[in-house]
Amino acid sequence: MRFGAWLRRETDGLCNLLLPPACAFCLERLSPPDPDNFCPSCHDKILPISGPSCRRCALPFQATDGDDHYCQTCLTEKRPLFSGVTPVGHHDTLLREAIHRLKYRNDISLARPLGHLLTSRLRDENSNFDLILPVPLHRSRLHERGYNQSVLLARQLGRRLQLPFELNRLQRILPGPPQQGLSARERSRNVRNHFKTASPLNGEAVLLVDDVMTTGATVRECARTLMKNGAGSIHVAILARAALQ
Ligand SMILES: [Zn+2]
Ligand SMILES: [Zn+2]
């Protein structure tokens, strides 16, 4: 066993002894202790996307019946930037609240069970990846928040899928205003040329990790930057896929 893995196992054991793990969302005691999972009641409230959605970007459609098909954005893309998107679920109810706490309320213990759920969804896809990259924050935003929730998730995926994870390969070089309340076109313009790679890629199949995808402007721009700099393919893993308003 590598020293890092040994140390993690030992410290996990010590933490469990001092503070028995509870559900990271509702704090219900879990017996036996299980920091990888929410309690059954919370777990049952996080459902995979149901109903028809876009075959490429997983955008849920308004209609609740019918088959999956491509959305307008994916249909008009000349060359697809990513092969697919794997979400844990819809951006609503418990998942929405959990992401909000992870992102804005320093509730970083949620990264572990959320990362576990995302790993299970990715395993169902049965795809192979070479490298995991988180969607980066600009250093000014990172300084403000203190951490990047996508990095916490990417680290969880790296550990569970046994894949290399690179913190600084993809970098955000311009801050850009907040995206909330903007149209898809404005969001897309907002992030244009905001990313760079620290060094070129060499045909790797990249798993790009983010928390929420709404218009997909940020993820598409990251994918565009990675493909331009030598990535072989991109697949996107997210916690929640928001429907467009
Ligand atoms: Zn719970
Ligand atoms: Zn689409």
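Given a 1.4 Å probe and every protein chain left where it sits, what share in percent of the accessible area of region 50-241 is carbon and sulfur? Carbon and sulfur: 46 percent of the exposed surface of region 50-241.
On a per residue basis, the chain carries 55 Å² of accessible surface, using protein heavy atoms and a 1.4 Å probe. At most 14 other Cβ atoms within 10 Å and a DSSP loop assignment: could you name the chymotrypsin sites (Phe, Trp or Tyr not before Pro) in region 123-216 that fit? Hits after loop and neighbour filter: 147. For the residues 145, 29, a 1.4 Å probe over the protein chains yields an accessible-area ranking, largest first, of 29, 145. Close Lys pairs in the chain, defined as Cα atoms under 28 Å apart and 8 or more places apart or on different chains, number 5. Taking a point 7 Å out from the Cα of residue 228 in the direction of its Cβ, the residues of region 179-203 whose backbone N falls within less than 16 Å of it are 188-201.
Protection proxy ranking, highest mean first, for peptides 154-160, 59-65: 154-160, 59-65, where packing is the per-residue count of other beta-carbon atoms within 10 Å, averaged.
The values are calculated or read from the model by the stated rules, or taken from the named source; none is laboratory data. None of the values given here were measured: they were computed from a predicted structure. Ideal geometry is used to build each Cβ from the backbone, glycine not excepted, and the neighbour counts take in all protein chains shown. When the accessible area is computed, the model is the full protein with side chains, heavy atoms only, and any ligands, DNA or RNA have been set aside. Shrake-Rupley method; radii C 1.70, N 1.55, O 1.52, S 1.80 Å.
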